[in-house]
Amino acid sequence: MTDTAWIDTALTSARPQAVGALLRYFRNLDTAEEAFQNACLRALKNWPQNGPPRDPAAWLILVGRNVGIDEVRRTSKLESLSDDEAISNLDDAEEELAERLDGSHYRDDILRLLFICCHPDLPATQQIALALRIVSGLTVKQIARAFLVSEAAMEQRITRAKSRVAAAGVPFETPGAVERSERLAAVAAMIYLIFNEGYSASGDASEIRKPLCEEAIRLARLLLRLFQSEPEIMGLTSLMLLQHARAAARFDADGQIVLLDDQDRTLWNQKMIVEGLALIDKAMRHRRSGPYQIQAAIAALHSRAARPEDTDWAQIDLLYATLEIMQPSPVITLNRAVAVSKVHGPEAALQMIEPLGERLSGYFHFFGVRGALLMQLGRNEEARVAFNRAIALANTSAEAAHIRTHLDRLMQDSQQGGTKT
Amino acid sequence: MLYAILCYHDEDFVGSWTREQDAAVMSKLAAVQDKLKKEGRLGPVARLLPTTAATTLRKDGAPVVLDGPYAETKEQLLGFYIVDCENLDAALGVAHDLGAANPGGAYEIRPVGLFQPGGK
């Protein structure tokens, strides 16, 4: 790795801890970010000459804090400090670190930094943008690209989110146990949102948004290192690894959706699968089940099947049944119906989703699944109606194109005068 | 003498590598390993999963299972090599070559007392 690449990686990996600590000192997001940026500039000058510090995060926190304090003094005096007065002129901060840094806060620092991004006043899109900017350190340009909006629009979105957070007041006291676990749950949900932004993209956008999945996994790993005994955080990390492992197989060369049954399983990333399986295995030992663990267990059953016909659909049906009890939702029932169709046939699955029609009347996947079940039953005319509705509701061109292939098949069937068995 | 070369690095740092950076480091390391393999000096090589996948069994008193790695340190044990070397200098030489391929972190070089390559 070249010198600059090394430094970039070190700055990226130190960022959550450093910005989190600086936020605790300055109690202001903008000041903390600015202090971190200044510390990074000094690192770029200092590190190539003096070699890498043993603890880059500690170095950045100390330098950032001193630069920030000078900045605050300068502003309050409305005049420049003489060089003697400034405390930020450290040639090498390394030796001072041991005494001056209190590392014991770092878990709550990082959690706080993540937590302020998922403030309930912020809409999901702003939460994600804020986390990617502040915690992950992606540039506004990178985030704008991932969301397919202009840089100016994203800049505005982030600025608006920041002022909302500032107005709401950031919780600086060290959280109690209950509060900490509430924060953890909110942060986990936000990380999963980031992942889904990347995962649900299709076609050209899937390539552009893949980094979102990777960033979400990185954040989950970070959280898991801080809170090592939380089975739901293990479950979340496992779930994302197992889902993302299929990334290369989910779309064909033309960007068309490839369904699980039709995917080339040799394209699945075995390294991610192995880690995902190890994590869910470890989580289950705690016997404290939760929605992320159940979803990870479902993903694990898919990952373990070498061929589609090896999939343990009966177990998947049971897991969805458990998930339905934990988090009753028509979308979960819809997913369960797919498992039911494999175990008990399309008729049983169709009966299961019939009552969902009203609540899912605007949901693309409802009509996609319904159409596929009707097609399996040879009820082609009804299938056609369902597929047409699905196309009208498609979120992406890849989704619409996928449904059109079904319609084409129906068309061929009717031209041949036969029904599909 | 067999030497174990234990690979320590900051997991946050290694975890922040892009896939391309990771692959580049691995292929550089493979070049060093190939040389040792040709000389018949390379034993088992392991890259461990992240410490988030680790579980620790404390066996003082009643055995207790804990999540996470044994030691909470800035740098974690990420993998190891077993290499056949004439002496410590030779083992340090190998570690030096590996380090040139993958800078940062540290290698701990430990002479191996007992080595059973397989269960049979």
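Quick note: the coordinates plus some simple rules give every number you see, no bench work behind them. Owing to the predicted nature of the structure, the values given are computational and were not obtained by experimental measurement. Heads up, the Cβs are rebuilt from the backbone with ideal geometry, glycines too, and the neighbour counts pull from every protein chain shown.
Based on C-alpha pairs under 8 angstrom that are at least 6 apart in sequence, chain A has a relative contact order of 9 percent. In terms of its C-alpha gyration tensor, chain B comes out oblate, because a/c is 1.5 or above while a/b does not outweigh b/c. Across peptide A:220-227, the average count of Cβ atoms from other chains found within 10 Å of a residue's Cβ is 4.
In loop segments of the stretch A:323-421 as defined by DSSP, the GluC sites (Glu not before Pro) with at most 16 further C-beta atoms inside 10 Å of their C-beta are A:358. When chain B is modelled as a GNM with alpha-carbon springs shorter than 10 Å, which of B:74, B:59, B:28 fluctuates the most? Fluctuation is largest for B:59. The helix-based estimate of mean residue ellipticity at 222 nm for chain A, built from -39,500 (n - 2.57) per DSSP H run of four or more residues and divided by its residue count, is -23000 deg cm²/dmol to the nearest 500.
Using a 10 Å cut-off on Cβ to Cβ distances, tally the other chain neighbours for every residue of B:47-54 and report the average as a whole number. Before the final figure, lay out each step's value.
Numbers: counts 1, 0, 5, 7, 4, 15, 13, 3.
Mean inter-chain Cβ contacts per residue within 10 Å come to 6.
Across peptide B:5-12, the average count of Cβ atoms from other chains found within 10 Å of a residue's Cβ is 3. Using the Cβ-Cβ distance between residue B:60 and residue A:185 with R0 set to 45 Å, the FRET efficiency works out to roughly 0.85. Between A:142, A:49, A:243, the GNM of chain A built on Cα springs shorter than 10 angstrom shows A:49 fluctuating the most.
Please tell me the relative contact order of chain B in percent, rounded to the nearest whole number, where contacts are Cα pairs under 8 Å and at least six residues apart. Relative contact order comes out at 48 percent. Applying the criteria of a DSSP loop state and at most 10 other Cβ atoms within 10 Å to the trypsin sites (Lys or Arg not before Pro) of the stretch A:269-313 yields A:287.
Computing FRET efficiency as 1/(1 + (r/R0)^6) for residue A:229 and residue A:266, where r is the C-beta to C-beta distance and R0 is 25 Å, gives about 0.10.
When the listed pairs A:282/B:37; A:282/B:59; A:162/B:74 are checked against a 30 Å cut-off, the alpha-carbon distance exceeds it for A:282/B:37; A:162/B:74.
Listed from fewest to most Cβ neighbours within 10 Å, the set A:107, B:47 follows the order B:47, A:107.
Sorted by mean Cβ packing within 10 Å, highest first, what order do the peptides A:348-354, B:48-54 take?
Those peptides, ordered most packed to least, come out B:48-54, A:348-354.
Sorted on the mean count of surrounding Cβ atoms within 10 Å across their residues, most packed first, peptides A:294-303, B:2-11 read A:294-303, B:2-11. Using just its DSSP H runs of length 4 or more, each adding -39500 (n - 2.57), chain B gives a mean residue ellipticity at 222 nm of -10500 deg cm²/dmol after division by all residues.
Size descriptors for the protein assembly as shown (Cα atoms only): Rg and Dmax, in that order, 26.7, 92 Å. Of A:370, A:336, A:225, the residue with the greatest mean-square motion in the GNM of chain A, using alpha carbon springs below 10 Å, is A:225. Backbone phi angles across the stretch A:221-238, fed through the Karplus curve with coefficients 6.51, -1.76 and 1.60 (θ = phi - 60°), yield HN-Hα couplings of 4, 4, 4, 5, 5, 7, 10, 7, 10, 9, x, 5, 6, 4, x, 4, 4, 4 Hz in residue order; Gly and Pro are listed as x.
Give me the percent relative contact order of the stretch A:138-222, please, defined on Cα pairs under 8 angstrom at least 6 residues apart.
The value is 25 percent.
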